[in-house]
Structures are given as C-alpha cells and as structure tokens.
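Step one of this worksheet: look at the structure below.
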Amino acid sequence: MRWSFLPAVAVGILLLAATAASSRELARAAGPCGTPHDALDAQEEQFLQLVQAWRDQNVSPSTPLQVSGALNAAAAWFAQWQVDNGAPGGHRDGFGRTWVQRALDCGYTGTTSTGTPYAYGSGEGIRAYASSQPIQVTVAQAAADMSYPGSGIWASTTSVSLPFKCVGTGRASSPDGRRIAWVVIVAQYPAGLPCPGSAATPTATPTLPASPTPTRPPAPTPSPTPLPRQDGAAVTLWDGWNLVMLPPGQVHTVLARAQGCFEAVYQFDGTRWRRFIPGAPGYVNTLETLDGGPVWVRGTRLNCGPIAL
C-alpha cells in the first residue's frame, strides 16, 4: 500500500486493472452482497459519465458503457466495507475475495465457451479517503483520482464480440464524514446481451460520441477581448474536468475571456453529448449555445480564475 499525506487527510491509493484471476477463486464459498445504496444516485451517475468521457479519450477501442446492477451491487458493497473498516484500500475484503468473486457473488452471471466466468475479464478501481476531520470529495475529484493509464478503468480489448461494456460503481461515507470510498468495476460481456442486472438500472450511461481528430485551421488574427459581463458572472477552472454553471449565450462569446484556460466544453442535452472545442471545424462543434445549465469544461492549467466572463 502507498499513502499520500495531505493536511489532516491520509489518502489510500490502490488501483489495479486485471483480466484474469486464479481458478482457485471459483471454489470459494459465496460471500455477502447488498447494501441500502446499491442503486445509482445522482453523484454516481455523474461519476460514470466522467469515466466514460475519460475512456473515450484514452482507451482504444472505447465501448459505450452499460450499467450493470450486479456490478453496482458489488461496488457498493466493497465501498461500504472500506468505510466500515477504516478505508484501508486494497482489492481484497475481509472474506478474502477480490472484485472478481464479489461480482460473481452479486450476480454477474454467464461463462465463455470454455467455462470461464465473464467476471474474470474485468478491472476494479478504488479510492479510499480517511481523515481525522470530516472531509468532502467531489465527484470530479474522485473520477480524476482514478482516471489514469493503468487504473482499473483502463481495461480494454480488441474483441468485438466480448467488449468491456458493463460497469458498476458505488460510493459510501462514514456517519462522521471522516471516511469516504469510491469503487468502480468495468467488465467484459457479450456484445449482443444486456449486462447482468441492467433491467433494474438505467440501460446505459450517457457517452461522449467519438469523432475524428480535427485538423485545426491556422489561428485567426486575434480579436479584442470583450469587456466583462455586467451581471458579474465568473468561473474558476482547474486542470482536468470541471463541472460548472455558465451563463446562457453563444459558447465562444461566454468563454471569450477564458481563452487558454480550457480545451473543450461538453453538455448533455438529455439525449446525447454536445461539444465545443476551440479552433475545431464546424462538424466537430455540436454545442453552439449554452442554456445556463451545468456543463463540463476541460481545464488546461492548475488554477485559472476566477475569470470574469
């Protein structure tokens, strides 16, 4: 285990991707599964959207993820176990199970033609936080802490028939707010079948549509930066994904004073993701007008702001 010490906060980091486990695990007796928070809440849905966005940008091929109730239950149980046991991190619980066995115990069903459970083609990401004082961990921070090459959400395959397409996540916190745990599992399943338990949950996590890498045109002659808005609107952007509220209006106009601080803007319109990438051609930019609701902005600096819009 590795520990990173922050002021009054000890953050346990253990994230691992794997696609195989010892066959001895199959003989293990079934262990417990199930918590009052097995179903996805709003934070967990946002988290999975960020996981999908990160995979779309960093994993090839990236398959649209489908929520699995079985994997949700396995992730929720382990997140609760982490919180109840001091947030130790790691991938084994008090029953000696890895995420593979927990997924099987929670109903991740089916086997390949060779008899191997589909759960064996999977990866788990875990982030456990513990502190001497109550702490807060945003959805964006938890997603960023798990989103890097080699983490559990890095799992991928070139197989078209058995893609990494099923996902589940869970978040738990202690009553005193001093321990928080996030867990996510990504697993393989046949392309033509619904993920185990998907009927009890949303059938799919909204995904960012793939697009060809745009050929950027020569930079235009800089135009004068407009004066700040009279309504005092401002935004602070950090490096990575930021969930922010922006005023309504044309994207390039609203964020004109934030040039150099961001590289992409995404907003889900209830059906699909729309995007704005500065300098990209028109066929890439499907988001032209902001409606005043929340948007995801990909920041390019450690701290950019507050910026008067």
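List of remarks:
- All of THR286, THR300, THR271 fail the test of being part of a strand (DSSP E or B), farther than 20 Å from VAL139 by Cβ, of a type in the set (Val, Ile, Thr) and outside the structural domain of ALA143 (by TED's automatic domain parsing), apart from THR300.
- Flag if ALA144 is touching a strand residue (DSSP E or B) at 6+ places or on another chain (Cβ under 7 Å) and within 23 Å of PRO36 (Cβ to Cβ): no
- Qualifying residue in region 1-12 (condition: modelled with pLDDT under 95, among the charged types (D, E, K, R), surrounded by fewer than 22 Cβ atoms within 10 Å (Cβ to Cβ) and in a loop (DSSP other than H, G, I, E, B)): no
- Pick from region 271-284, criterion of a type outside the set (Val, Ile, Thr) and closer than 16 Å to ALA53 by Cα, ranking: modelled with the highest pLDDT: PHE276
- Complete set of residues in region 227-265 that are assigned to a strand (DSSP E or B) and under 11 Å from ILE307 (Cβ atoms): ALA234, VAL235, THR236, LEU237, VAL244, PHE262
- Boolean, TYR266 is surrounded by fewer than 16 Cβ atoms within 10 Å (Cβ to Cβ) and among the hydroxyl-bearing types (Ser, Thr, Tyr): no
- Candidate set from region 110-127 (those that are in a strand (DSSP E or B) and of a type in the set (Ser, Thr, Tyr)); member that is surrounded by the most Cβ atoms within 10 Å (Cβ to Cβ): SER122
- Pairs meeting the criteria (first residue in region 28-55 and in contact (Cβ under 8 Å) with a residue 12 or more places away in the chain, second residue surrounded by fewer than 16 Cβ atoms within 10 Å (Cβ to Cβ) and outside any loop (DSSP other than H, G, I, E, B), beta carbons under 9 Å, at least 6 apart or on different chains) are ASP38/ALA200; ALA39/ALA200; GLN46/LEU243; LEU50/LEU243.
- Count - residues of region 39-65 that are farther than 18 Å from GLU124 by Cβ and of a type in the set (A, V, I, L, M, F, W, C): 3
Residue by residue, here is whether (1) over 22 Å from TYR118 (Cβ atoms); (2) touching a residue at least 12 places away in the same chain (Cβ under 8 Å); (3) small (Gly, Ala, Ser) holds:
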residue: VAL59; (1), (2), (3): no, yes, no
residue: SER62; (1), (2), (3): no, yes, yes
residue: LEU65; (1), (2), (3): no, yes, no
residue: SER68; (1), (2), (3): no, yes, yes
residue: ALA75; (1), (2), (3): no, yes, yes
residue: GLN80; (1), (2), (3): yes, yes, no
residue: VAL83; (1), (2), (3): yes, yes, no
residue: HIS91; (1), (2), (3): no, yes, no
residue: TRP99; (1), (2), (3): no, yes, no
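- Checking GLY177 against (1) within 17 Å of HIS37 (Cβ to Cβ); (2) surrounded by 13 or more Cβ atoms within 10 Å (Cβ to Cβ), the condition it does not meet: (2)
- Unique match (being within 22 Å of the chain's Cα centre (by Cα), β-branched (Val, Ile, Thr) and over 22 Å from ARG229 (Cβ atoms)) among THR286, THR271: THR271
- Taking the criterion of being touching a residue at least 60 places away in the same chain (Cβ under 8 Å) and of a type in the set (S, T, N, Q), the residues of region 260-304 that qualify are THR300, ASN303.
- Index of the failed condition, CYS195 passing every other in (1) in a strand (DSSP E or B); (2) touching a Ser or Thr at 6+ places or on another chain (Cβ under 8 Å); (3) not aromatic (Phe, Trp, Tyr): (1)
The values are calculated or read from the model by the stated rules, or taken from the named source; none is laboratory data. Because the structure is predicted, anything quoted here is derived from the model rather than measured. Using ideal geometry, Cβ is built from the backbone for each residue, glycine included, and neighbour counts are taken over all protein chains shown.
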